[in-house]
Every structure is written in C-alpha cells, then in structure tokens.
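First the structure, in the form of structure tokens, and then the observations on it.
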Amino acid sequence: VALGERFSAAGHEVHLVGGSVRDALLASGTGRPLPTGDLDLTTDARPEQTLEVLRGWASSTWNTGIAFGTVGAEVRGERVEITTFRADRYDRESRNPEVAWGTSLTDDLARRDFTVNAMAVSLGPDRTVTDPFGGLGDLLARRLRTPGRAVDSFADDPLRMLRAVRFVAQLGLTPDDEVVEAMTALAPELGRITAERVQHEFSRTLLNDAPGPALDLFVSTGLADVVLPELSALRMEIDEHHQHKDVYVHSLIVLDQAIALEKADPGAQSPDLVPRLAALLHDIGKPATRRHEDRGRVSFHHHEVVGAKLVRKRLLALKYPKDVVEAVS
C-alpha cells in the first residue's frame with residue numbers, strides 16, 4: 001500500500017503482476033497459503049524515476065537488471081522487482097529481446113507468456129484489476145493459453161514451451177490445441193536455449209507432486225527429442241516382464257511410486273530431485289541393449305550399466321551439478 005502511495009504521489013502508476021497475482025487468485029477461497037517470495041511489479045516510471053521514488057525510503061535497492069528496466073528493492077522486509085512497461089521485439093535468433101520502453105499496461109501484459117500470467121492489480125488508490133486476455137477465466141477453467149498467437153510467443157522465446165510443460169505439472173492446467181500445435185511445430189527451436197535454462201525448467205517440472213501429464217506433453221510435442229531424446233526412445237520398448245505396454249509408461253509409473261515413497265517418509269527430503277531423475281531415467285539403457293530371444297522373449301542384459309553411462313552423459317550436457325550427475329547415475 002505504502003509503495004503504491006509513493007508512486008501515485010510521484011505521478012506514476014504501479015501494478016502487481018505475474019505469478020504473484022495468479023497464485024493469490026488460486027489461493028483465494030481455497031485455504032491455500034498466499035504466495036511468498038519476490039513480488040513482481042510493473043510501472044510507467046522509467047528506471048531512474050523508480051530509483052528516485054525509492055530513494056531514502058526502501059531499505060536497499062539494486063540495479064543488476066536495470067538494462068532491462070528492472071530495479072530491485074527491499075521494502076519493509078519484502079523483496080520486490082519493479083520493471084518499466086516494456087514493448088520489446090525479439091530477433092528470433094536468441095531469446096534476448098531488444099529492450100524498448102512501453103507506455104501501456106495492456107501492451108506490457110500482451111508480451112507475457114500466458115494469459116494466467118498476464119493479469120495485474122493496481123497498487124494505486126482504486127486497486128483496479130486489469131485482465132485484458134481472460135486470464136482469470138482461463139485460471140478457473142484450468143486452461144493454458146497465450147495472450148497472442150502461440151506460434152509468435154514461442155518463436156520469440158522458445159523457453160516458454162518448457163514453461164508450458166511446467167505449468168501443466170505445477171498448476172494442473174491443460175494447454176489448448178493452439179498451444180500444443182505451436183509447441184509441436186516449434187520444438188526444434190528449443191535448441192536455441194542454453195542448457196542451463198533447459199535444465200532449470202525441467203527440474204522444476206520434476207519437483208512437482210504429479211509431473212506425469214507434463215512429461216507426456218514434453219514427449220508428445222517433440223520437446224524431449226531435442227533436449228532429452230533418451231526419454232522419447234523408451235516409447236514402444238516392451239519391458240522384459242511384459243507388464244507394461246512400453247518402458248516409457250513403466251518409467252512414469254516408477255516415478256510416481258518414487259514420489260509417493262518420498263512423501264511417505266517423514267525423514268526424507270521432499271521434493272528430492274535425485275531419486276526422481278533416477279526413477280524417470282532408470283531404464284534408458286534398454287533400447288541399446290534389447291535382444292530378441294527364443295519363444296518371443298526380449299532381454300536387456302546389462303541395461304543398467306549402459307543406462308548409467310547414458311545418464312551421466314546427458315545430465316552433464318544439461319549442466320547438472322556433478323554431485324547430482326554422480327548420484328543419479
């Protein structure tokens with residue numbers, strides 16, 4: 001409130017945006033705890049004007065993101081990031097935008113990844129909610145859409161396709177047909193994204209309670225073919241016990257079981273990335289070791305040895321820390 005009053009007194013508007021608005025709406029009336037962590041704000045003030053509004057009042061400020069219009073601050077114990085309205089353009093060769101200041105809140109929201117993240121709440125005296133793309137309706141319907149054309153959004157920033165995968169796991173959203181079609185068409189563009197960012201989003205997906213549907217989206221759209229092809233290769237590999245139609249389905253079941261065991265153990269760290277990665281990838285050596293035996297049997301001798309080597313190579317390529325790589329392999 002006090003922050004909004006300071007911006008209003010200086011002749012500027014400031015709004016709470018992004019995941020904080022989305023999560024607060026999800027928590028409303030459900031008994032869920034309100035979201036914690038850094039708060040994202042947007043304003044028509046330029047970065048130097050934002051610093052002037054905060055001068056002598058915020059506990060501290062930092063400007064590591066000022067080239068992108070973002071000023072960080074600690075205000076009464078809360079960390080906030082305040083970003084000037086943006087009207088960026090992307091070169092579509094990298095995911096780095098050509099930064100340009102905007103003058104409209106609606107235009108700023110239009111450049112965000114999904115409608116559920118394109119809502120704003122004014123911190124001015126009127127507390128206006130701005131939702132130009134139907135984000136609240138999508139949130140209530142558990143629907144994942146982009147503010148504009150999905151192909152344009154994902155071509156601008158292919159990492160958004162992995163964020164779509166994560167939101168399926170994190171929020172239980174279902175992507176609409178346009179989003180799935182765009183992900184499938186543009187999956188190769190994920191190769192433009194650094195391994196560190198891919199790894200970060202993939203790990204965040206796995207650390208949710210029920211990542212199975214998200215992983216199905218990851219595989220079915222071809223994203224996995226680009227960054228984790230060993231997972232896609234498990235489809236239609238019949239397991240040696242003929243208990244599952246393919247090893248991929250079996251691997252998702254093992255992942256679910258590992259998560260259940262983790263959550264049932266009061267002494268276990270939860271969520272724990274290492275056993276989740278190990279459960280998901282424990283059979284990736286099977287395609288390379290498959291042998292057809294007599295009487296229609298199939299064997300995968302030493303698949304665990306081959307799998308351990310494949311896991312180590314893939315996780316190192318995705319820039320996982322060495323201790324995680326060794327523990328999983």
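The values are calculated or read from the model by the stated rules, or taken from the named source; none is laboratory data. Owing to the predicted nature of the structure, the values given are computational and were not obtained by experimental measurement. Using ideal geometry, Cβ is built from the backbone for each residue, glycine included, and neighbour counts are taken over all protein chains shown. All accessible areas refer to the heavy atoms of the entire protein, side chains included, with ligands and DNA or RNA removed. Shrake-Rupley method; radii C 1.70, N 1.55, O 1.52, S 1.80 Å.
Top mean-square fluctuation among Leu228, Leu206, Leu261, Gaussian network model of the chain, C-alpha springs under 10 Å?
Ranking Leu228, Leu206, Leu261 by mean-square fluctuation puts Leu261 first.
Within the chain, how many Lys pairs that are eight or more residues apart, or on different chains, come under 15 Å at the alpha-carbon? Show your work: numbers first, answer last.
On the way: Lys245/Lys286; Lys286/Lys309; Lys309/Lys322; Lys313/Lys322.
Lysine pairs, 8 or more places apart or on different chains, close enough: 4.
Could you give the nm distance between label points at Ala268 and Val1, where each point is 7 Å from its Cα heading toward the beta carbon?
For the pair Ala268/Val1, the computed spacing is 4.5 nm.
Report the charge-dipole magnitude of the chain in Debye, nearest 20, computed about the Cα centre from +1 at each Lys and Arg Cβ and -1 at each Asp and Glu Cβ.
Values: 39 positive and 49 negative charges, 106 e Å.
Its charge dipole is roughly 520 debye.
Principal axis lengths of the chain from Cα atoms, whole Å, largest first?
Taking max minus min along each principal axis of the Cα atoms, the chain gives 82, 44, 37 Å.
Tally up the carbon and sulfur contribution to the accessible surface of the chain as a whole percent, 1.4 Å probe, everything protein left in place. Each step should come with its number before you reach the end.
Working: 8210 of 16080 Å².
Ligands and nucleic acids excluded, carbon and sulfur reach 51 percent.
How large is the accessible surface per residue of the chain, computed with a 1.4 Å probe and reported in Å² as a whole number?
Result: 49 Å² of accessible area for each residue.
Might you work out the accessible area of Trp62 for me, using a 1.4 Å probe with all protein chains in place, and round it to the nearest 10 Å²?
Here the residue's solvent-accessible area equals roughly 70 Å².
Once the convex hull of the C-alpha atoms of the stretch 88-193 is built, how many Å³ does it hold per residue, rounded to a whole number? Let's see the in-between values first.
Working: hull volume 11.1 nm³, N = 106.
Here the figure is 105 Å³ per residue.
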